[in-house]
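Asker: Provided herewith is a single structure, encoded as C-alpha coordinates, for subsequent inquiry.
The values are calculated or read from the model by the stated rules, or taken from the named source; none is laboratory data. Just so you know, these numbers come straight off a predicted model, no measurement behind them. For neighbour counting, all protein chains shown are included, and Cβ atoms are generated from backbone atoms with ideal geometry for every residue, glycine included. Please note that ligands, DNA and RNA were not included when accessible areas were found on the heavy atoms of the full protein model with its side chains. Shrake-Rupley method; radii C 1.70, N 1.55, O 1.52, S 1.80 Å.
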Amino acid sequence: VMDEYINQMTLGTIDECLARLVFRFLPDKCQVENQLLKNSKQFVFQHIIPRNILDHKSSTIAVVGTINNDFPGHVVLQTSQNMSISAYFLRLSIQSICERKSANVDEFTSFILNSPFFDPSKRPILERGIKAYFENDQIVAIHLLIPQIEDAIRTVVEECGGTAMKINRNNHCLQAKLFDELLREQIVTTVFGEDWAWYFRILFTDSRGWNVRNSVCHGLSSIDTFSIQVSDRVIHALLFLGMFRKKSPTSGSSGN
(Lines give C-alpha, C1' and ligand atoms only; values in the text may rest on other atoms or scores of the structure.)
Protein backbone atom coordinates (compact mmCIF):
# COMPACT_ATOMS: atom_id res chain seq x y z
CA VAL A 1 0.00 0.00 0.00
CA MET A 2 2.80 2.41 0.88
CA ASP A 3 4.68 1.59 -2.33
CA GLU A 4 1.57 2.38 -4.35
CA TYR A 5 1.10 5.63 -2.44
CA ILE A 6 4.69 6.70 -3.17
CA ASN A 7 4.35 5.71 -6.82
CA GLN A 8 1.27 7.89 -7.17
CA MET A 9 2.93 10.86 -5.47
CA THR A 10 6.00 10.68 -7.72
CA LEU A 11 4.33 10.31 -11.11
CA GLY A 12 5.35 12.74 -13.86
CA THR A 13 7.80 15.63 -13.85
CA ILE A 14 9.11 17.25 -10.71
CA ASP A 15 6.77 20.23 -11.26
CA GLU A 16 3.81 17.85 -11.51
CA CYS A 17 4.91 16.06 -8.34
CA LEU A 18 5.21 19.32 -6.42
CA ALA A 19 1.79 20.48 -7.62
CA ARG A 20 0.25 17.17 -6.56
CA LEU A 21 1.96 17.48 -3.17
CA VAL A 22 0.57 20.99 -2.68
CA PHE A 23 -3.07 20.04 -3.19
CA ARG A 24 -2.87 16.61 -1.56
CA PHE A 25 -2.00 18.15 1.80
CA LEU A 26 -4.38 21.10 1.79
CA PRO A 27 -7.01 20.61 4.52
CA ASP A 28 -10.56 20.72 3.21
CA LYS A 29 -12.63 22.91 5.53
CA CYS A 30 -15.93 21.30 4.58
CA GLN A 31 -14.55 17.80 5.21
CA VAL A 32 -13.14 18.89 8.57
CA GLU A 33 -16.51 20.32 9.61
CA ASN A 34 -18.25 17.06 8.70
CA GLN A 35 -15.59 15.08 10.56
CA LEU A 36 -16.05 17.29 13.62
CA LEU A 37 -19.82 16.88 13.63
CA LYS A 38 -19.39 13.11 13.48
CA ASN A 39 -16.75 13.08 16.23
CA SER A 40 -18.81 15.33 18.49
CA LYS A 41 -21.54 12.71 18.57
CA GLN A 42 -19.11 9.87 19.23
CA PHE A 43 -16.86 11.67 21.73
CA VAL A 44 -19.34 13.95 23.43
CA PHE A 45 -17.42 14.92 26.56
CA GLN A 46 -14.39 16.48 24.88
CA HIS A 47 -16.65 18.78 22.87
CA ILE A 48 -18.95 20.08 25.61
CA ILE A 49 -16.39 21.71 27.89
CA PRO A 50 -14.20 24.75 27.11
CA ARG A 51 -10.56 24.00 26.31
CA ASN A 52 -7.56 26.13 27.17
CA ILE A 53 -4.74 26.24 24.61
CA LEU A 54 -1.39 26.40 26.41
CA ASP A 55 2.08 27.38 25.23
CA HIS A 56 5.27 25.55 26.18
CA LYS A 57 5.34 27.48 29.49
CA SER A 58 1.81 26.26 30.30
CA SER A 59 0.41 29.78 29.89
CA THR A 60 -3.04 30.08 28.33
CA ILE A 61 -2.85 31.67 24.87
CA ALA A 62 -6.39 30.91 23.66
CA VAL A 63 -9.67 29.45 24.85
CA VAL A 64 -12.02 27.36 22.72
CA GLY A 65 -15.56 27.18 24.02
CA THR A 66 -18.06 24.36 23.73
CA ILE A 67 -18.83 23.07 20.27
CA ASN A 68 -22.28 24.68 20.39
CA ASN A 69 -20.85 28.09 21.29
CA ASP A 70 -17.56 27.99 19.40
CA PHE A 71 -17.83 25.68 16.41
CA PRO A 72 -15.14 27.59 14.41
CA GLY A 73 -12.70 27.14 17.27
CA HIS A 74 -13.25 23.38 17.27
CA VAL A 75 -12.76 23.32 13.50
CA VAL A 76 -9.33 24.93 13.99
CA LEU A 77 -8.44 22.38 16.68
CA GLN A 78 -9.55 19.45 14.52
CA THR A 79 -7.63 20.80 11.52
CA SER A 80 -4.48 21.23 13.59
CA GLN A 81 -4.80 17.65 14.81
CA ASN A 82 -5.31 16.39 11.25
CA MET A 83 -2.21 18.28 10.12
CA SER A 84 -0.17 16.60 12.84
CA ILE A 85 -1.48 13.16 11.86
CA SER A 86 -0.73 13.73 8.16
CA ALA A 87 2.79 14.99 8.92
CA TYR A 88 4.26 11.51 8.40
CA PHE A 89 2.78 11.25 4.92
CA LEU A 90 3.87 14.78 3.98
CA ARG A 91 7.41 13.93 5.10
CA LEU A 92 7.36 10.66 3.16
CA SER A 93 6.04 12.40 0.03
CA ILE A 94 8.65 15.17 0.06
CA GLN A 95 11.44 12.70 0.74
CA SER A 96 10.29 10.39 -2.05
CA ILE A 97 10.01 13.23 -4.58
CA CYS A 98 13.49 14.44 -3.70
CA GLU A 99 14.96 10.95 -4.01
CA ARG A 100 13.16 9.78 -7.14
CA LYS A 101 13.35 13.08 -9.02
CA SER A 102 16.79 14.06 -7.70
CA ALA A 103 15.27 17.35 -6.57
CA ASN A 104 17.72 19.82 -5.10
CA VAL A 105 17.88 23.31 -3.60
CA ASP A 106 18.14 25.03 -6.99
CA GLU A 107 15.08 23.25 -8.40
CA PHE A 108 12.94 24.07 -5.37
CA THR A 109 14.12 27.69 -5.41
CA SER A 110 13.54 28.11 -9.15
CA PHE A 111 10.06 26.58 -8.89
CA ILE A 112 9.13 29.10 -6.19
CA LEU A 113 10.71 32.11 -7.90
CA ASN A 114 8.72 31.47 -11.08
CA SER A 115 5.83 32.94 -9.14
CA PRO A 116 5.26 36.71 -9.49
CA PHE A 117 4.72 36.91 -5.74
CA PHE A 118 8.43 36.59 -4.93
CA ASP A 119 11.11 39.23 -5.45
CA PRO A 120 13.95 37.71 -7.53
CA SER A 121 16.45 39.87 -5.65
CA LYS A 122 15.65 37.81 -2.55
CA ARG A 123 16.80 34.57 -4.19
CA PRO A 124 19.85 34.29 -1.84
CA ILE A 125 17.51 34.35 1.18
CA LEU A 126 15.23 31.68 -0.26
CA GLU A 127 18.20 29.57 -1.32
CA ARG A 128 19.77 29.78 2.12
CA GLY A 129 16.50 28.83 3.81
CA ILE A 130 15.80 25.91 1.48
CA LYS A 131 19.42 24.75 1.73
CA ALA A 132 19.09 24.74 5.53
CA TYR A 133 15.88 22.71 5.15
CA PHE A 134 17.64 20.13 2.98
CA GLU A 135 20.49 19.99 5.48
CA ASN A 136 18.07 19.49 8.41
CA ASP A 137 18.95 22.84 9.97
CA GLN A 138 15.34 23.65 10.75
CA ILE A 139 16.07 26.59 13.06
CA VAL A 140 17.67 28.50 10.19
CA ALA A 141 15.14 27.28 7.59
CA ILE A 142 12.06 28.33 9.56
CA HIS A 143 13.47 31.71 10.57
CA LEU A 144 14.44 32.58 7.00
CA LEU A 145 11.46 31.24 5.08
CA ILE A 146 8.46 32.42 7.09
CA PRO A 147 9.17 36.15 6.48
CA GLN A 148 9.44 35.42 2.74
CA ILE A 149 5.97 33.86 2.81
CA GLU A 150 4.60 36.90 4.63
CA ASP A 151 6.21 39.21 2.09
CA ALA A 152 4.71 37.17 -0.76
CA ILE A 153 1.22 37.58 0.75
CA ARG A 154 1.87 41.31 1.03
CA THR A 155 2.75 41.35 -2.67
CA VAL A 156 -0.49 39.51 -3.50
CA VAL A 157 -2.53 42.19 -1.73
CA GLU A 158 -0.66 45.06 -3.37
CA GLU A 159 -0.60 43.59 -6.88
CA CYS A 160 -4.34 42.95 -6.75
CA GLY A 161 -5.23 46.52 -5.84
CA GLY A 162 -5.28 46.33 -2.05
CA THR A 163 -3.09 48.02 0.51
CA ALA A 164 -0.58 46.26 2.72
CA MET A 165 0.00 49.33 4.88
CA LYS A 166 -2.01 51.05 7.60
CA ILE A 167 -1.83 54.21 9.69
CA ASN A 168 -0.05 53.54 12.96
CA ARG A 169 -1.69 54.20 16.31
CA ASN A 170 -0.23 57.72 16.55
CA ASN A 171 -1.52 58.64 13.08
CA HIS A 172 1.91 59.96 12.15
CA CYS A 173 3.11 57.38 9.64
CA LEU A 174 2.33 54.17 7.82
CA GLN A 175 3.29 50.72 9.00
CA ALA A 176 2.99 47.26 7.48
CA LYS A 177 -0.17 45.32 8.21
CA LEU A 178 0.36 42.23 10.34
CA PHE A 179 0.42 38.82 8.68
CA ASP A 180 -2.97 37.85 10.10
CA GLU A 181 -4.50 41.10 8.85
CA LEU A 182 -3.17 40.38 5.36
CA LEU A 183 -4.56 36.84 5.39
CA ARG A 184 -8.01 38.19 6.29
CA GLU A 185 -8.07 40.57 3.31
CA GLN A 186 -10.85 39.64 0.88
CA ILE A 187 -8.29 39.87 -1.93
CA VAL A 188 -6.37 36.93 -0.48
CA THR A 189 -9.50 34.79 -0.26
CA THR A 190 -10.45 35.76 -3.80
CA VAL A 191 -7.03 34.89 -5.22
CA PHE A 192 -6.33 31.73 -3.23
CA GLY A 193 -9.78 30.45 -2.31
CA GLU A 194 -11.27 30.19 1.17
CA ASP A 195 -9.57 26.90 2.07
CA TRP A 196 -6.08 28.24 1.44
CA ALA A 197 -6.60 31.53 3.29
CA TRP A 198 -8.08 29.60 6.22
CA TYR A 199 -5.23 27.04 6.15
CA PHE A 200 -2.56 29.77 6.16
CA ARG A 201 -4.15 31.39 9.21
CA ILE A 202 -4.18 28.09 11.11
CA LEU A 203 -0.60 27.37 10.16
CA PHE A 204 0.87 30.81 10.75
CA THR A 205 -1.25 33.20 12.82
CA ASP A 206 -4.13 31.56 14.73
CA SER A 207 -3.23 30.96 18.38
CA ARG A 208 -5.71 28.06 18.43
CA GLY A 209 -3.78 26.42 15.59
CA TRP A 210 -0.08 25.91 14.85
CA ASN A 211 0.51 29.70 15.02
CA VAL A 212 4.05 29.23 13.70
CA ARG A 213 4.71 32.75 12.46
CA ASN A 214 3.70 34.48 15.66
CA SER A 215 5.51 32.01 17.89
CA VAL A 216 8.74 32.24 15.91
CA CYS A 217 8.82 35.94 15.07
CA HIS A 218 7.93 37.02 18.62
CA GLY A 219 10.54 34.71 20.13
CA LEU A 220 7.90 32.62 21.90
CA SER A 221 8.86 29.26 20.44
CA SER A 222 10.31 26.33 22.29
CA ILE A 223 12.93 24.24 20.51
CA ASP A 224 10.18 21.76 19.61
CA THR A 225 8.77 24.30 17.17
CA PHE A 226 11.85 23.95 14.97
CA SER A 227 11.05 20.44 13.83
CA ILE A 228 11.01 18.82 10.41
CA GLN A 229 7.21 18.58 10.66
CA VAL A 230 6.92 22.37 10.95
CA SER A 231 9.51 22.92 8.21
CA ASP A 232 7.61 20.58 5.89
CA ARG A 233 4.50 22.70 6.33
CA VAL A 234 6.45 25.91 5.69
CA ILE A 235 7.85 24.37 2.50
CA HIS A 236 4.34 23.24 1.56
CA ALA A 237 3.10 26.84 1.89
CA LEU A 238 6.04 28.12 -0.18
CA LEU A 239 5.37 25.61 -2.93
CA PHE A 240 1.74 26.66 -3.10
CA LEU A 241 2.71 30.30 -3.55
CA GLY A 242 5.31 29.18 -6.09
CA MET A 243 2.65 27.61 -8.32
CA PHE A 244 1.22 30.94 -9.45
CA ARG A 245 2.25 32.33 -12.84
CA LYS A 246 1.64 35.59 -14.63
CA LYS A 247 -1.09 35.41 -17.22
CA SER A 248 0.41 35.49 -20.72
CA PRO A 249 -0.98 38.23 -22.99
CA THR A 250 -3.10 36.89 -25.86
CA SER A 251 -3.80 38.57 -29.15
CA GLY A 252 -6.60 41.09 -28.89
CA SER A 253 -6.60 41.16 -25.09
CA SER A 254 -4.39 42.28 -22.27
CA GLY A 255 -3.01 39.87 -19.71
CA ASN A 256 -2.12 40.29 -16.04
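Asker: Determine, from the Cβ-Cβ distance of Leu11 and Thr190 and an R0 of 25 Å, the FRET efficiency 1/(1 + (r/R0)^6), rounded to the nearest 0.05.
Answerer: 0.20
Asker: For Ile61, what residues show an amide H to amide H distance below 5 Å, using hydrogens built from the backbone and excluding near sequence neighbours?
Answerer: Close amide H contacts, sequence-distant or interchain: Ile53, Leu54, Asp55.
Asker: Between Asn104 and Val140, how high is the FRET efficiency from 1/(1 + (r/R0)^6) when r is the Cβ-Cβ distance and R₀ = 22 Å? Nearest 0.05.
Answerer: 0.80
Asker: State log₁₀ I(q)/I(0) for the chain at q = 0.14 Å⁻¹ as given by the Debye formula over alpha-carbon point scatterers of equal weight, solvent excluded.
Answerer: For the requested q values the scattering log ratios are -1.06.
Asker: If you don't mind, there's one more thing I want to ask. Could you work out the helix-only [θ] at 222 nm for the chain, with each DSSP H run of four or more residues adding -39,500 (n - 2.57) and the total divided by the number of residues, to the nearest 500 deg cm²/dmol? Present the calculation step by step, with values, prior to reporting the outcome.
Answerer: On the way: 13 runs with 149 residues, N = 256.
Counting only the DSSP helices, I get -18000 deg cm²/dmol.
Asker: Here is a further query. Which value, in Å², gives the accessible area per residue of the chain when a 1.4 Å probe is used on the protein heavy atoms?
Answerer: Ligands and nucleic acids excluded, the result is 52 Å² per residue.
Asker: Here's something else I'd like to know. What is the Rg over Rh value, at two decimals, for the range 66-160, using alpha-carbon atoms and the Kirkwood definition of Rh?
Answerer: So for the range 66-160, dividing Rg by the Kirkwood Rh gives 1.08.
Asker: Something else: Arrange the peptides 188-195, 122-129 so that the one whose residues have, on average, the most other Cβ atoms within 10 Å appears first.
Answerer: The packing order, highest mean first, is 122-129, 188-195.
Asker: Let me ask another. Quick one: length gained pulling Glu4 to Phe71 fully straight, 0.36 nm per residue minus the C-alpha distance?
Answerer: Difference between extended and current length: 20.4 nm.
Asker: Relative contact order for the range 114-173: what is it in percent, counting Cα pairs under 8 Å that are at least 6 residues apart?
Answerer: So the answer I get is 29 percent.
Asker: What does the C-alpha gyration tensor say about the overall shape of the range 139-256? Classify as rounded when a/c is under 1.5, otherwise prolate if a/b is larger than b/c, or oblate.
Answerer: Taking the square roots of the gyration eigenvalues as a ≥ b ≥ c, the range 139-256 is oblate.
Asker: Separate question: Can you count the Lys pairs in the chain with C-alpha separation below 22 Å, eight or more apart or on different chains?
Answerer: Number of lysine pairs found: 7.
Asker: If I compute solvent accessible area with a 1.4 Å probe over the protein chains, what percent of it on the chain is carbon and sulfur? List each step's numbers first, then the result.
Answerer: Values: 6920 of 13400 Å².
Here carbon and sulfur together make up 52 percent of the probe-accessible area.
Asker: Right, next: Evaluate E = 1/(1 + (r/R0)^6) for Asp55 and Arg91, where r is the Cβ-Cβ distance and R0 equals 30 Å; express this FRET efficiency to the nearest 0.05.
Answerer: It comes out at approximately 0.75.
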